[in-house]
1. Within segment 135-153, which residues are hydroxyl-bearing (Ser, Thr, Tyr) and either more than 19 Å from LYS179 (Cβ to Cβ) or without any contact (Cβ under 8 Å) to a residue 40 or more places away in the chain (or both)?
2. Check segment 174-181 and report whether any residue there is open to solvent by 50 Å² or more (accessible area, probe 1.4 Å), out of contact with any His (no Cβ under 8 Å at 6 or more places or on another chain) and within 30 Å of ASN89 (Cα to Cα).
3. How many of the residues making up segment 75-134 are surrounded by fewer than 10 Cβ atoms within 10 Å (Cβ to Cβ) and under 23 Å from ASP183 (Cα atoms)?
4. Residue check, ARG232 against (1) open to solvent by 30 Å² or more (accessible area, probe 1.4 Å); (2) in a helix (DSSP H, G or I); (3) at pLDDT 85 or above, all met but one. Which one?
5. Being farther than 30 Å from TYR100 by Cα, at pLDDT below 80 and not polar (S, T, N, Q) is true for just one of ILE26, ILE42, ILE18, ILE54. Which residue is that?
6. How about segment 148-182: which of its residues are under 30 Å from the mean Cα position of the chain (by Cα), in a loop (DSSP other than H, G, I, E, B) and either modelled with pLDDT under 90 or hydrophobic (A, V, I, L, M, F, W, C) (or both)?
7. List pairs: first residue in segment 16-45 and surrounded by fewer than 13 Cβ atoms within 10 Å (Cβ to Cβ), second residue assigned to a helix (DSSP H, G or I) and not charged (D, E, K, R) anywhere in the structure, Cβ distance under 6 angstrom, at least six positions apart or on different chains.
8. Can you name the residue in segment 39-90 that is assigned to a helix (DSSP H, G or I) and aromatic (Phe, Trp, Tyr) and is also farthest from ASP22 (Cα to Cα) among such residues?
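The values are calculated or read from the model by the stated rules, or taken from the named source; none is laboratory data. Predicted model only: the values in this text are computed from it and were never measured. Glycine gets a Cβ as well: all are built from the backbone with ideal geometry, and neighbour counts include every protein chain shown. Note: areas computed on protein heavy atoms with side chains; ligands, DNA, RNA excluded. Shrake-Rupley method; radii C 1.70, N 1.55, O 1.52, S 1.80 Å.
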Amino acid sequence: MYTIGFCFCFFLVTGLPIDGDDTDHIQWIFERASERAESYGIQGVTYRLTQGVIKRIIPAVASTNAVIAAACVNEVFKCATQCYTPMNNYMVFNDVNGVYSYTFAAERNSRCLVCSQQPRTLNFTTDAQLRQLIDHLQQDPTLQMKNPSLTTMIGGKNKTLYMTNIPSIEQATRPNLSKTLQDLGLEDGCEVVCADITNPSAMRFILHFTNIIITRKRKLEAGEEIIESRKRVLLLSETL
């Protein structure tokens, strides 16, 4: 192993990159290690040992079986004596710095992009262009889409807003990129379906227009102020 390590250090000193999956690199180091082993009478240098040293492969079959057996016995002891809460569904074992293990329940993410069908919310203004919505889908760190295709329902009919995978449809829907969401007929609360190669199934989004929400809020606040002023007038008239 020291012979293999000597050749490995030669690679590091020279600054040459080592690829543990490249058979040419492993073969070269094995041949140099074999030459040095023959010169110094070192036994046991093999191609498999060379690959294990370079890729830092540690034979862990026996130790892994021992850890699993100990964990199973520990769980049986907890179930038999009811001395502690048994493991739920996941265990992590780490022996880098000492021995440490912990358990936790691997729960389902309600917003998982793969298995969840729960629609997500998109907040835009009515004057935002379709191109801005697509840019958001591509730049959002939780989505990171490549070439999303968008469809929606308007007046009970399916409408393609933009599609990238079919050239003829892409060319026909390309003018929609510069149109505003309001010009495309989209309304507050409508559903937009997005298909992309990054997701195995189409994703659903609920579109909310923030400027409409603000306008509604202002109207509600104005209505509340009118009600309060009327109450003051009534109270004043009663006192007089």
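1. THR142
2. No, every residue in segment 174-181 fails to be open to solvent by 50 Å² or more (accessible area, probe 1.4 Å), out of contact with any His (no Cβ under 8 Å at 6 or more places or on another chain) and within 30 Å of ASN89 (Cα to Cα).
3. 1
4. Of (1) open to solvent by 30 Å² or more (accessible area, probe 1.4 Å); (2) in a helix (DSSP H, G or I); (3) at pLDDT 85 or above, only one is false for ARG232: (3).
5. On inspection, the qualifying residue turns out to be ILE18.
6. Those that are under 30 Å from the mean Cα position of the chain (by Cα), in a loop (DSSP other than H, G, I, E, B) and either modelled with pLDDT under 90 or hydrophobic (A, V, I, L, M, F, W, C) (or both): MET163, THR164, ASN165, ILE166, LEU181.
7. Final answer for the pair search is ASP19/HIS25.
8. Across segment 39-90, the extreme among qualifying residues is PHE77.
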